[in-house]
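The values are calculated or read from the model by the stated rules, or taken from the named source; none is laboratory data. This structure is a prediction, so every number in the text was calculated from the model and none was measured. FYI the Cβ positions are ideal-geometry reconstructions off the backbone, even for glycines, and counts take in every protein chain you see. When the accessible area is computed, the model is the full protein with side chains, heavy atoms only, and any ligands, DNA or RNA have been set aside. Shrake-Rupley method; radii C 1.70, N 1.55, O 1.52, S 1.80 Å.
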Amino acid sequence: MTNTSKPEREISSKDENAFDGITFEVEEEEHTHEGHKVKRRGIYLWPNLITTAALLSGFYSIIASMNGEYQQAIYAIFLAALFDGLDGRVARAIGAQSPFGEQFDSLSDLLAFGVAPAILMYSWSLHDLGRIGLAACFVYTACAAFRLARFNVQIGVVDKRYFIGVASPLAAVMIISLVWVGMDIPEVFDLREKGIQILNAVVIAAVGLLMISNVKYYSFKTVDRRRVPFAVLPIIVFVLAAVTYNIPMGILILSVIYAFSGFVTTLMAKKAEA
């Protein structure tokens, strides 16, 4: 006879008749500390509320891009990245992680970091390329979807120290920082030039492919759980000071350095395994 506690039996016995087909509800299966499977209803408010804010930021960015308000679109994606980094930390801090939250976060990421940057780039630069520009932006969006799907199925399997492929928020930062720099120095990024348009198409497609590559990128997830030498702090201060001199260019340079760092990290990891 199965050893099931009374509250769990009550939940299970009501499962079949709980939904009337009209009520909005979420039901998830969780494991108790004793190893039993129980079904719980409802969602954790705060982490999912933050994820909703990220979703709203991505949606607003799309609308702003369509209206030609590219600066607002850029700020909205940065805000979405901030919320995306916050929701997971809040969920872990208060013990509010759930399968619903993981899936909702991925859907929000797809809109904010897969669709919004592609629409921004297409509206700003690639619309004059017609189908070529459309295809390049779609490659980026499709790769973001592939990357998020792969990430979901590999949770708990891959080394947490590394991202396999560029994380979608970082890929979005690469794209929007390029647009930001282009807006700041239009004499260099002359969007009337076919060469500049083709370059932007190649860049967005290449960043998309980096998301689904097997290149290892340091995730920085273990930094907050261990001590580092004090000298690291002044170095970070100097880097931030340099970035503030020209914020768009500084962010672009840092993102490009990070993109190439993955190849170095991968080579070092292979040498360590050999």
Considering only V237, I204, V179, whose Cα is most displaced toward the positive end of the charge dipole of segment 172-274, charges sitting on Cβ of Lys, Arg (+1) and Asp, Glu (-1)? V237
Quick one: accessible area per residue over segment 100-163, 1.4 Å probe, rounded to a whole number of Å²? 48
Ignoring any ligand, DNA or RNA, what whole percent of the accessible area of segment 139-260 comes from carbon and sulfur when the probe is 1.4 angstrom? 73
With a/c under 1.5 counting as rounded, go ahead and sort segment 131-274 into rounded, prolate or oblate using the C-alpha gyration tensor (a ≥ b ≥ c being the square roots of the eigenvalues; past the cut-off, prolate if a/b is larger than b/c, else oblate). oblate
Counting only residues 5 or more places away or on other chains, whose amide H sits under 5 Å from the amide H of Y162 once H atoms are built in the peptide plane? S219
For D159 and V228 in the same chain, what is the full-extension length gain: residue separation times 0.36 nm, less their Cα-Cα distance, in nm? 22.8 nm
If DNA, RNA and ligands are ignored and the probe is 1.4 Å, what is the ranking of M268, M174, M183 by accessible area, most exposed first? M268, M183, M174
Mean separation of Cα contacts under 8 Å (6+ apart) over length of segment 68-210, as relative contact order %: 33
